[in-house]
Amino acid sequence: MLKEFFTAALGMLPQQTRLEVIANNMANANTAGFKRESVFERNLIDARANFYNVKGDVESDDPPIGSYIDFENGAFQQTDNPLDLAIDGKGFFVLQDEQGSEYYTRSGHFRLSTDGTVTAMDGKMLMTDEGPLSIQKDLFKDPEITKDSKSQSIKIAENGEVFLDNTHIGTVLVANIEDMKSLDRISNQNFIPTEGTDVSYMPAEEIRMKQGWLEGSNVDIIREMVSMIELQRVFEAGSKVIHTNDSTLDSSIKLGRYY
């Protein structure tokens, strides 16, 4: 009878993980640049052995399921904000924090900080071929720009070149990741490289960038809702199996008890 408990538990663990992944996908359906996550089964034999405290290839606290990220592009949304950018095709924006660590993202929702640096919403700096994209230093460097502050405008070309009025101030870096599965997600929008990540920067002629647009999440909310309903029913079925066997085991213990 104990075998039924382990069988039901093995069936419920993957469903619980799937429910958590789907819930996170749905919560980020409106997050710019978010990439949906999906799951897959791993070796159930090794995982089952761990329930019996037998040393195996899977840790005892590791569920018999893995996850992967779907890097398919999301739909584009026009915002008309000059600091909103979208990459049409492959590639990632390159961000850098104050410690110099690099991050990669598909979220092109940027803002101008108080010191004139263009940053993501979490404060990480947008990188160009000349370092962090900074507007303020160029305003004071070139008197031809500063003579008429009312006419200043930021123009970002399709190839990533950034112009302040007609003055070129840099080219937005776009990272090309050879194997995107090697990236680690550290937030809903940002990724970091691992030891197996091969990173190169795309040449300007291969970049297709859209100013005033954002790439939305690639989550299909209807599909996620349908999957969640199906998984909830499967999870409830496993729970009923455990509850039924628990009741049967309790009755068996009572019948065999001596008074």
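Rule-based calculations on the coordinates, nothing more; no lab input. Small disclaimer: the values here were computed from a predicted structure and weren't measured. Using ideal geometry, Cβ is built from the backbone for each residue, glycine included, and neighbour counts are taken over all protein chains shown.
The phi-based Karplus calculation (6.51 cos²θ - 1.76 cosθ + 1.60; θ = phi - 60°) puts the 3J(HN,Hα) values of segment 226-235 at 5, 5, 5, 4, 5, 5, 4, 5, 5, 5 Hz, whole numbers, x for Gly and Pro. For G91, the residues whose amide H sits under 5 Å from its own are I177, ignoring neighbours fewer than 5 places away on the same chain, with H placed 1.01 Å from N. Across the options I192, L133, S182, the greatest Cα extent toward the positive end of the charge dipole of segment 76-215 (unit charges at beta carbon of Lys, Arg, Asp, Glu) belongs to L133. How large is the translational diffusion coefficient of segment 179-220 in µm² per second when you combine the Kirkwood radius over alpha carbon pairs with Stokes-Einstein at 25 °C and 0.890 mPa s? Here the translational diffusion coefficient equals 189 µm²/s. Fewest neighbouring Cβ atoms within 10 Å first, the residues K124, K240, K90 line up as K240, K90, K124. Packing, taken as the mean count of other beta carbons within 10 Å per residue, orders the peptides 99-109, 228-238 from highest to lowest as 99-109, 228-238.
For segment 76-215, the Kirkwood hydrodynamic radius from C-alpha pairs, put into Stokes-Einstein at 20 °C and a viscosity of 1.002 mPa s, yields a diffusion coefficient of 139 µm² per second.
Annotation: amide H-H contacts under 5 Å for I135 (H modelled 1.01 Å from N, sequence separation of 5 or more, or interchain): T117, V118.
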